Amino acid sequence: MIKYPNGKEYKLPRTKITLTKKSSLANRGMNLEDDINMSNEFYNEQKRCLIYKRPTPINIVKVDYTHGAHIIDAHFEKQSTTDYNGIYKGKYIDFEAKNTKSKTSFPLANIHKHQIEHLKNVILQGGIAFFIIEFQYYDQCFLLDARYIIDQFENGEKKSISYEQIVKKGIEIEKSFNPRLKYLDAVDKMYFI
């Protein structure tokens, strides 16, 4: 109960509040990306690495300046490659973050051919290339070497990779307060030990 300084009671108006969560395919994985972005911020501040989210290339066609600058019309210039790139321990690093709501598998349809081609070129040039895959149902993230995913993608026999295979072939990424995802520890285990 809230009271005014003069002692009179203040009654809160009775309102019904309903929260709705908008969900779209475009925003799947945004929590994962937020966690990676915060982890990168922490890692970059600690001078442990220099990794950034790659911006999506867009061409702005029309802007409304009446109430500040608001983009009215824009389109993608070209297909983006992967989500993140940078330098870690003197090596170029490039990776894609994906998630799934499935309990049993990760659908390979979530990966685009141009991303596979890009990661093959990173590997060809001696860079480190991998995927971070989140299983939302289990609240688990795994680091998988891009070569394994590329092989599964190009083999064409499977439409998905089972949860069990990802657990077996990948390295689980520990979650914490700071960094949110300790994915560099998984990178160390996969590539530097």
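Here are some notes:
- Taken together, the residues in region 166-193 that are within 16 Å of the chain's Cα centre (by Cα) and open to solvent by 80 Å² or more (accessible area, probe 1.4 Å) amount to 3.
- Among (1) in contact with a Pro (Cβ under 7 Å, 6 or more places away or on another chain); (2) under 20 Å from Glu33 (Cα atoms), the one test that Phe131 misses: (1)
- If the condition is being of a type in the set (D, E, K, R) and either in contact (Cβ under 8 Å) with a residue 24 or more places away in the chain or within 19 Å of Asn99 (Cα to Cα) (or both), then region 31-76 contributes Glu33, Asp34, Asp35, Arg48, Lys53, Arg54.
- Test: residue in region 155-165 that is open to solvent by less than 40 Å² (accessible area, probe 1.4 Å), over 18 Å from Cys49 (Cβ atoms) and outside any strand (DSSP E or B): yes
- Evaluation of Ser102 against (1) closer than 18 Å to Arg180 by Cβ; (2) assigned to a loop (DSSP other than H, G, I, E, B); (3) of a type in the set (S, T, N, Q) (one fails), failing number: (1)
The values are calculated or read from the model by the stated rules, or taken from the named source; none is laboratory data. What you are looking at is a predicted structure, and each value in this text was computed from that prediction instead of being measured. Cβ atoms come from the backbone with ideal geometry, glycine included; neighbour counts cover every protein chain shown. When the accessible area is computed, the model is the full protein with side chains, heavy atoms only, and any ligands, DNA or RNA have been set aside. Shrake-Rupley method; radii C 1.70, N 1.55, O 1.52, S 1.80 Å.
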